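Scroll down for the structure; my scribbles are underneath it.
The values are calculated or read from the model by the stated rules, or taken from the named source; none is laboratory data. Everything numeric here is computed off the predicted structure, so don't read it as measured data. In this analysis, Cβ positions are derived from the backbone assuming ideal geometry, glycine residues included, and neighbour counts consider all displayed protein chains. Side chains are part of the model used for accessible areas, which takes the heavy atoms of the whole protein and leaves out ligands, DNA and RNA. Shrake-Rupley method; radii C 1.70, N 1.55, O 1.52, S 1.80 Å.
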Amino acid sequence: MSQDLKALLEDAVAFAPEERHSVPAIVAAARRDRTRRTRIVVSLAVAAMVVIAGVGVGILASRGTGREPAPVHKVVRVSEARPAVEGEDFVSDWSRDISTRGPMPLGIVDSGELRVAAHDDASRSGLLDPQTGRVRWLEPPPRGTYLFDASPRWNIYQTLDLEELEPNFDVQATTTGEWSRIHLPRSTWPELADQPDQVRFGGAWLRGDLIYLQFMTTTQSALMTVDLRTHETTRIDDGGAWSVAVGADAIAWAPLDRPGTVVVQPLDGGAATTLAVDLGQGCRIAELAVTATRVGVRQLCDEESGPVEVYGLDGARQVSVVDSEDVWLALTADSLLLVQPDADGGGRLLSYAFDGGAWTWLPTGRNPVPLGVAGRAALIAWTGSPTSDDLSSRHFAVLEFG
Amino acid sequence: MARRDDEEFAVFVAASQASLRRTAYLLCGDWQLASDHVQDALIKVFRRWSRLHDDGALIAYARRAVVSVVIDNSRRRSSTETPLAAVVETAATAPNGADELVDRDLMLRCLRTLPARQRACVVLRYYDDLAVSEVAAALGINEGTVKSQTARGLTALKAAYQQATGEEITAGGARA
């Protein structure tokens with residue numbers, strides 16, 4: 001015997017008790033809430049004016065006492081994290097143990113597809129749909145290189161000249177199928193003042209018709225673009241940065257000549273915004289992450305791990321993590337991801353949901369690393385399993401947060 | 001907000017409240033909680049009334065708000081939820097004299113064994129008759145995730161129901 005689900009669901013709600021709230025009561029409650037919120041906003045504005053005035057008076061009266069206005073953002077602790085619940089805190093769109101045969105994940109592209117290489121032939125690349133598990137294998141490049149990014153218009157393969165450590169890109173225009181090569185010798189690299197002889201290639205990202213390239217020393221970074229249509233290069237970091245980030249919708253950098261600021265440039269051509277970061281004594285901006293709506297900032301203070309904070313693009317500080325020993329920082333559309341060292345040195349991946357305001361830790365094995373972000377999803381890699389000490393397996397998963 | 005907006009909001013509440021409350025009940029399993037969730041959701045609707053009213057997205061936003069409120073609430077309550085084994089055992093050993101009540105209660109209990117997002121996918125697809133794209137919009141996730149979450153939820157729901165009753169659930173006719 002079988003039962004129809006729709007009929008069972010309708011039956012389950014067939015005898016609803018009388019509604020407690022009348023329509024006027026809900027309208028009144030909504031209106032009261034709106035009025036209350038308006039009062040809160042007005043109160044906060046007045047309070048902010050009072051605080052600003054008070055701080056001004058305080059500075060004049062007792063310069064250097066270090067008093068700060070009361071925080072209006074969330075101060076959170078990773079130590080409050082609870083185990084994440086699949087289906088509520090995150091969704092696993094795809095996962096596999098690459099010890100078995102099958103495509104090897106290389107990264108995630110903006111569409112949410114995974115860049116993969118064939119298990120037995122690393123020069124054979126494709127794009128895997130996490131929802132179906134199907135791979136769309138791509139035409140191999142003229143030289144033996146690996147797929148580093150892809151979009152509807154371009155497939156980009158990268159090789160590193162191992163002698164000079166200079167990047168080369170083999171670029172295929174998907175509309176015509178034509179190939180071209182971009183070679184970036186050191187003479188084309190941006191200069192960095194602190195260690196001019198130690199500049200190295202840091203990474204690359206495909207956005208629209210541009211490749212964004214990071215060059216870096218131990219403490220500084222530079223960002224430049226190569227236009228795939230003209231191969232023209234342009235430097236875009238105001239002459240050097242403490243750190244840079246390239247997101248799907250915006251880029252960010254912390255200019256060397258303006259410590260405590262972060263410039264965010266939307267990729268849709270919108271105006272750049274400069275945010276003020278609350279930089280601690282002896283601290284510098286060591287790591288950035290950027291989305292369409294937020295910037296994540298990790299500070300390094302006297303070369304020790306400093307605070308992690310998240311700012312809205314309006315400049316408002318939204319979240320401060322006060323007990324982080326962060327080794328990785330990433331932002332998805334709705335969550336902050338941190339990898340924290342744990343007691344046995346294996347690391348733990350934590351997620352903070354901006355909407356729900358809760359920390360959770362994810363059930364991964366050891367050494368979890370977010371390899372890339374696409375919207376709400378992130379590609380995560382780790383070794384072993386959450387329940388075993390066997391570290392022989394390597395796992396990859398696409399997890400969706402928020 | 002102008003008085004005319006108040007009146008239009010009242011009309012919307014009157015028209016949508018019962019339906020939203022039934023959806024909320026299937027998601028949370030408690031009529032009183034469902035009423036509270038719907039009120040919270042409608043307050044969210046009221047805050048954005050002008051914008052929503054202009055682009056005709058009222059019911060979709062209201063449904064999304066309900067689901068969001070229920071899931072947020074379930075996160076806070078997740079530590080108190082009942083494990084599957086206890087749920088099914090309780091349902092299966094209920095007295096025979098209250099079959100109809102038990103049937104209704106059983107479906108709620110089986111739904112409660114699903115993670116919140118899978119539960120929302122199943123309810124929105126098979127009770128509210130939403131298309132995959134509409135569920136994706138309501139939950140703020142992509143369509144592929146809706147499909148996979150619905151499939152997993154459906155499998156788990158069928159298993160829980162069969163374990164409790166020995167009967168199968170058929171689920172046909174959902175919109176593409």
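Points to keep in mind about this one:
- Residue in the range A:80-95 that is farthest from A:GLY357 (Cα to Cα), counting only those that are more than 7 Å from every other protein chain (Cβ to nearest Cβ), open to solvent by 40 Å² or more (accessible area, probe 1.4 Å) and part of a strand (DSSP E or B): A:SER95
- Checking the stated criteria, B:LEU139 turns out not to satisfy the condition of being more than 19 Å from A:GLU400 (Cβ to Cβ) and either more than 10 Å from every other protein chain (Cβ to nearest Cβ) or of a type in the set (A, V, I, L, M, F, W, C) (or both).
- Options A:LEU391, A:LEU300: the member that is modelled with pLDDT under 85 and away from chain B (no Cβ under 14 Å): A:LEU391
- Looking across the range A:163-214, the residues that are acidic (Asp, Glu) and under 22 Å from A:GLY372 (Cβ atoms) come down to A:ASP170, A:ASP209.
- Residue count for the range A:185-212, restricted to those that are over 19 Å from A:ALA272 (Cβ atoms), open to solvent by less than 70 Å² (accessible area, probe 1.4 Å) and touching a residue at least 40 places away in the same chain (Cβ under 8 Å): 7
- Leading residue by the ranking (surrounded by the most Cβ atoms within 10 Å (Cβ to Cβ)) among those in the range B:159-176 that are touching a residue at least 12 places away in the same chain (Cβ under 8 Å) and in contact with a strand residue (DSSP E or B) (Cβ under 6 Å, 6 or more places away or on another chain): B:TYR161
- Any hit, the range A:136-148, residues being within 14 Å of chain B (Cβ to nearest Cβ) and at pLDDT 85 or above: no
- Residue identified as assigned by TED's automatic domain parsing to the domain that holds A:SER151, of a type in the set (Phe, Trp, Tyr) and at pLDDT 90 or above among A:TRP189, A:TRP253: A:TRP189
- Single match in B:SER68, B:SER50 (criterion: at pLDDT below 85 and facing chain A (nearest Cβ under 9 Å)): B:SER68
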